[in-house]
1. Hey, among 249, 300, which residue is part of a strand (DSSP E or B) and modelled with pLDDT of 95 or more?
2. Residue by residue through the stretch 43-90, note down the ones that are without any contact (Cβ under 8 Å) to a residue 24 or more places away in the chain, touching a strand residue (DSSP E or B) at 6+ places or on another chain (Cβ under 6 Å) and closer than 26 Å to residue 270 by Cβ.
3. Being part of a loop (DSSP other than H, G, I, E, B), more than 25 Å from residue 435 (Cβ to Cβ) and touching a residue at least 24 places away in the same chain (Cβ under 8 Å) is true for just one of 497, 502. Which residue is that?
4. Give the residue, chosen from 456, 450, 504, that is at pLDDT 80 or above, surrounded by 21 or more Cβ atoms within 10 Å (Cβ to Cβ) and either within 28 Å of residue 185 (Cα to Cα) or assigned by TED's automatic domain parsing to the domain that holds residue 382 (or both).
5. Filter the stretch 332-384 down to residues that are buried (at least 19 other Cβ atoms within 10 Å of the Cβ) and more than 30 Å from residue 443 (Cβ to Cβ), then give me how many there are.
6. For the stretch 303-349, name all the residues that are touching a helix residue (DSSP H, G or I) at 6+ places or on another chain (Cβ under 8 Å) and at pLDDT below 95.
7. Evaluate the following for residue 746: is it surrounded by fewer than 16 Cβ atoms within 10 Å (Cβ to Cβ), farther than 25 Å from residue 658 by Cβ, assigned by TED's automatic domain parsing to the domain that holds residue 250 and in contact with a strand residue (DSSP E or B) (Cβ under 8 Å, 6 or more places away or on another chain)?
8. Which of the residues belonging to the stretch 198-236 are touching a residue at least 60 places away in the same chain (Cβ under 8 Å) and over 24 Å from residue 496 (Cβ atoms)?
């Protein structure tokens with residue numbers, strides 16, 4: 001990276017210094033108060049808002065709140081809570097640290113919908129923003145033995161495919177886009193600096209507040225070059241002092257634990273905390289494998305238990321910071337460490353088993369810093385994030401001989417041949433990553449604002465592999481040792497406004513993408529190392545428009561469109577130093593996207609959302625074979641299509657909640673340039689589900705086994721219609737409406753069959769005043785055969801027990 005990150009750090013602190021000089025240091029004081037109901041009961045989780053300012057807090061369990069505000073100014077404070085009339089009071093903050101305002105809320109006799117609009121929590125607000133987002137409420141599911149992948153798969157338009165059990169690689173699909181077209185973020189920052197340490201496959205729901213799944217257009221504060229959407233994992237936000245512990249034990253010797261704590265004394269500016277989790281699983285579930293029969297020289301399907309599939313993952317983040325000082329609203333410094341160990345049971349496909357191949361990834365420390373401050377009477381907001389990581393990893397595959405599907409070792413026929421995959425490796429590598437995210441927003445008025453988001457990602461890789469490929473010549477060079485540097489900058493400028501008394505909301509954005517790459521390449525034709533360093537510079541502009549129109553207090557429509565660009569990832573340009581070659585001529589993916597949706601709440605018990613989407617994507621990046629040894633990422637295809645999704649939630653009685661959703665998408669290849677592939681014109685995308693549905697039900701009862709206890713029973717069903725492992729000509733698809741009926745005219749091995757998975761669970765809280773819950777759950781109740789990404793078989797029926805303890809002190 002050539003120490004570029006020092007320049008960015010200096011720029012940030014210069015910017016901070018200028019803002020301090022312009023605004024001066026304003027003295028701030030605490031405004032404190034309480035919120036009670038008419039009968040004197042404290043109201044917890046009421047929303048306390050400073051009107052016309054982006055400041056909101058929630059009351060604690062005793063109904064208390066505190067807000068830091070500049071002195072000698074008048075403020076309008078609004079308090080709202082579901083089912084109560086909102087209340088506004090005016091207060092003048094003095095310089096005596098004794099500012100106080102109390103509220104007593106009365107029952108609201110108006111329509112409940114009006115109260116919901118006023119008293120939305122953070123998840124509801126995110127769900128109703130201008131930009132379409134699917135909100136996965138992880139906080140509501142933290143007591144359940146549920147994975148983040150399962151929760152996301154229960155959402156309309158979302159499908160996460162896994163290549164095996166706990167901790168396996170995932171492929172996220174949103175409205176037809178998948179893979180690297182979908183960006184992963186943590187608290188609005190791309191997760192590149194965390195490597196595999198923080199991902200949707202392994203991160204437990206207990207460390208998250210929610211997951212925001214953006215489809216198409218992204219908000220300005222999400223600075224990423226996503227082509228089809230992004231997944232933003234929002235960290236847990238609780239009261240000033242809390243401890244949360246969870247432990248889960250499950251089939252296949254699975255253990256999952258999490259610990260979250262935060263400490264901040266009332267009136268103190270100092271806070272500190274810890275977020276940590278641990279995952280372990282043998283992943284030794286049963287699968288149907290193709291077992292060779294040496295006597296008949298054939299393969300016979302047989303049921304076997306996976307034997308070399310262990311996964312261990314430990315993650316810890318320590319943080320501390322300051323709030324409410326004249327020079328900072330919040331300063332948070334974090335130190336993150338993680339380690340991952342994964343047994344490789346098979347390669348990309350379940351063709352043959354491995355018994356000794358392993359992979360590791362770890363880092364002793366990743367420092368991060370985040371600075372937030374509001375200036376100019378809270379009109380100007382700055383949010384700056386900096387991180388630098390150095391992650392080490394290894395891939396080991398040097399076995400001489402092989403294992404069969406029963407876990408039996410067989411001596412090698414050729415003692416000089418190594419590697420269960422056929423390509424031996426003893427790879428060690430180090431990736432360095434500097435990430436800077438600068439967010440600026442300015443309130444032009446109470447109805448309009450502008451925002452600027454600037455993200456820098458600077459990446460480099462070094463490594464060695466004594467068994468790996470080398471260049472040809474008198475002095476062969478280990479390809480893994482070749483230098484590789486990549487820097488990407490994404491800039492977003494957005495203008496947001498409200499019109500027609502708030503009925504119309506608009507978000508217009510301009511984006512600029514640029515990337516610089518340098519490294520040495522091997523000539524594909526000769527195998528010799530190019531003497532000169534290869535360099536590539538790429539830059540593109542993007543534009544988007546999103547509109548939300550309130551048809552009534554209970555109904556609104558959303559319309560958005562964009563010209564989006566995705567810059568190639570570092571691995572697509574630089575390769576991996578071994579069998580994936582670099583390609584400095586690769587072009588960015590480009591897509592024209594449109595979304596139209598409607599959401600309505602006809603009455604308080606029913607919520608309905610319908611969405612449609614259209615995509616035209618060019619220069620799609622895929623990895624393709626170059627010869628028998630090497631693969632390379634190239635621009636190969638163009639895709640277009642349309643899709644629909646519907647989501648419904650119904651609560652007929654206070655103790656029963658019903659929900660369901662369905663998604664259909666029709667994405668196909670078009671304008672195929674290769675004459676040899678022209679027969680696939682109009683073919684569906686391979687390895688991509690095109691119809692899937694979910695149904696769920698939840699029942700809650702009080703005072704069942706003892707006085708003040710609570711029991712919740714729940715059921716979920718997931719259905720995925722059959723789809724195809726590889727491309728098939730359009731005329732061989734099933735006949736019938738939308739291709740959902742009839743029989744495909746292709747071989748069975750190319751069909752990933754339809755599958756239905758049922759799960760049931762029971763959640764018990766022994767006492768309403770006791771912060772302990774016990775959960776038992778059975779996943780895949782009828783032990784259905786579940787096939788996922790590239791027809792890899794996932795686990796069958798499993799049983800789970802989870803204990804959860806959360807206390808605020």
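The values are calculated or read from the model by the stated rules, or taken from the named source; none is laboratory data. Only a predicted model underlies this, so the values are computations on that prediction, with no experimental measurement involved. Reconstructed Cβ throughout: ideal geometry from the backbone, glycine too, with neighbour counts over all protein chains shown.
1. Numbers: 300 fails: modelled with pLDDT of 95 or more.
Being part of a strand (DSSP E or B) and modelled with pLDDT of 95 or more holds for just one of 249, 300, which is 249.
2. Within the stretch 43-90, 56, 57 meet the criteria.
3. Numbers: 497 fails: part of a loop (DSSP other than H, G, I, E, B).
So the residue among 497, 502 that is part of a loop (DSSP other than H, G, I, E, B), more than 25 Å from residue 435 (Cβ to Cβ) and touching a residue at least 24 places away in the same chain (Cβ under 8 Å) is 502.
4. On the way: 450 fails: surrounded by 21 or more Cβ atoms within 10 Å (Cβ to Cβ); 504 fails: surrounded by 21 or more Cβ atoms within 10 Å (Cβ to Cβ).
Testing whether each residue is at pLDDT 80 or above, surrounded by 21 or more Cβ atoms within 10 Å (Cβ to Cβ) and either within 28 Å of residue 185 (Cα to Cα) or assigned by TED's automatic domain parsing to the domain that holds residue 382 (or both) leaves just 456.
5. Matching residues across the stretch 332-384 total 16.
6. Matches in the stretch 303-349: 327, 348, 349.
7. Values: surrounded by fewer than 16 Cβ atoms within 10 Å (Cβ to Cβ): no; farther than 25 Å from residue 658 by Cβ: yes; assigned by TED's automatic domain parsing to the domain that holds residue 250: yes; in contact with a strand residue (DSSP E or B) (Cβ under 8 Å, 6 or more places away or on another chain): yes.
No; evaluated as a whole, the condition is false for this residue.
8. Once the filter is applied, which keeps residues that are touching a residue at least 60 places away in the same chain (Cβ under 8 Å) and over 24 Å from residue 496 (Cβ atoms), the stretch 198-236 yields 198, 202, 203, 204, 205, 206, 207, 208, 236.
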